[in-house]
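What follows is a set of notes on a single structure, which appears directly below.
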Amino acid sequence: MQLAPGRSIAVDRLLHTFGTPFFIDAPELDAVDGQPFRRLMIAQDTGSAITGPARADLFIGSGAAAGEIAGVIRHKADFYALVPRGLLGG
């Protein structure tokens, strides 16, 4: 599966399923496009450094410019997994 810049995230594979949609709200993060970062993203990747229920790595893209942006992203964010009603048994 090809990752989509600004829409794909890497998550802890032991806790989240690939294809799960997440809403990421990081109002202090504006390095991507100059606007507060609030968007729907899809879990499509994993990594050994991504551990825990509310941790993700944003895929910004490839190349030097994307690398510079990704290198400064360390912001706290609200992280919501979107699951169908009733799936969690509540």
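The values are calculated or read from the model by the stated rules, or taken from the named source; none is laboratory data. Since the structure is predicted, the reported quantities are computational estimates derived from the model, not experimental observations. For neighbour counting, all protein chains shown are included, and Cβ atoms are generated from backbone atoms with ideal geometry for every residue, glycine included.
A few comments on the model shown:
- Residue pairs meeting the criteria (Cβ under 7 Å; at least 6 apart or on separate chains; first surrounded by 14 or more Cβ atoms within 10 Å (Cβ to Cβ) and among the charged types (D, E, K, R), in the range 43-61; second at pLDDT 90 or above and in a strand (DSSP E or B)): D45/S8; D45/A10; D57/I9; D57/A10
- The range 5-17: number of residues that are in contact with a strand residue (DSSP E or B) (Cβ under 8 Å, 6 or more places away or on another chain) and either surrounded by 13 or more Cβ atoms within 10 Å (Cβ to Cβ) or at pLDDT below 90 (or both): 7
- Condition broken by A66, with the remaining ones in (1) farther than 12 Å from A10 by Cβ; (2) in contact with a strand residue (DSSP E or B) (Cβ under 6 Å, 6 or more places away or on another chain); (3) surrounded by 13 or more Cβ atoms within 10 Å (Cβ to Cβ) satisfied: (2)
- If you filter the range 6-22 down to residues that are in a loop (DSSP other than H, G, I, E, B) and β-branched (V, I, T), you find that the one that is nearest to M41 (Cα to Cα) is T20.
- The range 49-75, subset out of contact with any Asp or Glu (no Cβ under 7 Å at 6 or more places or on another chain) and among the β-branched types (V, I, T), residue nearest to P27 (Cα to Cα): I73
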